[in-house]
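Asks: Please see the structure below; I have some questions.
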Amino acid sequence: LKINDNRLDASFISETGLILDKFTMMKDVNNSYDLLVPASVPVNLTASWIGNYYWENSGDTTSLVMMSFTQDSMVVVQDLKNCIADTFHITVYNLGEESLQKEFILVYPNPTEKNFNITLPLFQQSIIVDIYSMSGKLVFQKKWFATEKNIQIDPGNIAKGAYSLRVMIGKKVYCSKLVIG
């Protein structure tokens, strides 16, 4: 048996050591995500499994892609055998559309010197906050169960610069540009 994240690979081995059969099981795959993203701001999309990938919109074959959107879109990533697929439903807003942004979360101050706050529409839920460099590298991640609507994030020793912020609340994902400086 080999276990890697949400993937289990198993082999049936004979008494002589010959592999008779192999199989793979995965959990928490074939997901559908609803993302609210600002227009023309790069966001990272990540497949929910370990393996091989094909992003229908771009032809990329990596687990993570960075894309910008100017209109509502749907992005699909699938494995090469068409057994697994994640779907990202992208809703694009202009940075001036505060009513749409407030429906999800509020991030402030932005730009920030270091710490920033997030106001959530709901709490008593699992939250994941990811910060990506503009090259797509994950530089900060925090997971926890939110017990209040307002939380403060200390991103540690992240260098000054522009980043992509992703906040996941259940299956809802909020993406934004974050400037630390």
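Asks: What distance in nm separates the two pseudo spin-label positions at ALA162 and ASN150, each 7 Å out from Cα along the beta-carbon direction?
Replies: Label-label distance for ALA162 and ASN150, simple model: 3.0 nm.
Asks: Which aspartates and glutamates, on any chain, are close to LYS114 with Cα under 16 Å apart, when same-chain ones fewer than 8 places away are left out?
Replies: Here the aspartates and glutamates satisfying the reach criterion relative to LYS114 are ASP130, ASP154.
Asks: Lysines near LYS81 by alpha-carbon distance under 30 Å, same-chain residues fewer than 8 away left out - which ones?
Replies: LYS2, LYS22, LYS27, LYS137, LYS171, LYS172
Asks: Arrange the residues LEU18, LEU45 by how much accessible surface each exposes, largest first, with a 1.4 angstrom probe. Please list the in-between numbers first.
Replies: On the way: LEU18 110, LEU45 0 Å².
Reading off the accessible areas and sorting them downward yields LEU18, LEU45.
Asks: So, R0 is 41 Å and r is the distance between the beta-carbons of ALA10 and THR119; what FRET efficiency does that work out to, to 0.05?
Replies: Values: r = 45 Å, r/R0 = 1.09.
Computed FRET efficiency for ALA10 and THR119: 0.35.
Asks: Take the alpha carbon atoms of segment 119-181, find their radius of gyration, then divide it by 2.2 N^0.38 Å using N residues; give the quotient. Don't jump to the answer; show the numbers that get you there.
Replies: Numbers: Rg = 11.8 Å, N = 63, 2.2 N^0.38 = 10.6 Å.
My calculation over the Cα atoms of segment 119-181 gives 1.11.
Asks: Then there's this: Taking a probe of 1.4 Å, how large is the accessible area per residue of the chain, in Å²? Mind showing how you got there, number by number?
Replies: Details: 10340 Å² over 181 residues.
Per-residue accessible area for the chain comes out at 57 Å².
Asks: Sticking with this one: Given a cut-off of 12 Å, what percent of all Cα-Cα pairs of segment 45-87 lie beyond it? Write down the numbers at each step before the final one.
Replies: Values: 489 of 903 pairs.
Percentage above 12 Å: 54.
Asks: Please compute the alpha carbon radius of gyration of segment 1-64, then divide it by the globular-protein estimate 2.2 N^0.38 Å. Two decimals is fine.
Replies: Numbers: Rg = 17.2 Å, N = 64, 2.2 N^0.38 = 10.7 Å.
Scaled against compact globular proteins, the figure is 1.61.
Asks: Can you pull the Kirkwood radius for the chain, inverse mean 1/r over Cα pairs, to one decimal in Å?
Replies: Taking the inverse mean of 1/r over all distinct Cα pairs, the chain comes out at 18.0 Å.
Asks: Let's see if you can work this out: charge +1 on each Lys and Arg Cβ, -1 on each Asp and Glu Cβ, no other charges. What is the dipole magnitude of the chain about its Cα centre, in debye to the nearest 20?
Replies: Numbers: 16 positive and 18 negative charges, 81 e Å.
Charge dipole, the chain, about its Cα centre: 380 debye, nearest 20.
Asks: Would you please give the residues with an amide H less than 5 Å from that of GLN125, counting only those at least 5 places away or on a separate chain, with H modeled from the backbone geometry?
Replies: ALA146
Asks: Between segment 137-169 and segment 29-71, what is the separation of their alpha carbon centroids in Å?
Replies: 19
Asks: Work from the charge dipole of the chain (Cβ charges, +1 for Lys and Arg, -1 for Asp and Glu, about the Cα centre) and give the residue of ASN115, TRP55, ASN6 farthest towards its positive end.
Replies: Highest projection toward the positive end goes to ASN115.
Asks: Accessible area, 1.4 Å probe, largest first: how do MET67, MET134 sort?
Replies: Working: MET67 25, MET134 65 Å².
Accessible-area ranking of MET67, MET134, largest first: MET134, MET67.
Asks: Note down the net charge around LYS2, summing +1 for each Lys or Arg and -1 for each Asp or Glu among other residues with Cβ under 12 Å from its Cβ. Before the final figure, lay out each step's value.
Replies: Details: positive: ARG7, LYS22; negative: ASP5, ASP9.
Net charge in that neighbourhood comes out at 0.
The values are calculated or read from the model by the stated rules, or taken from the named source; none is laboratory data. In this text the structure is predicted, and so the values were computed from the model without any measurement. Virtual Cβ from ideal backbone geometry, glycine too; neighbours counted across all protein chains shown. For accessibility, only protein heavy atoms count, side chains too; no ligands or nucleic acids. Shrake-Rupley method; radii C 1.70, N 1.55, O 1.52, S 1.80 Å.
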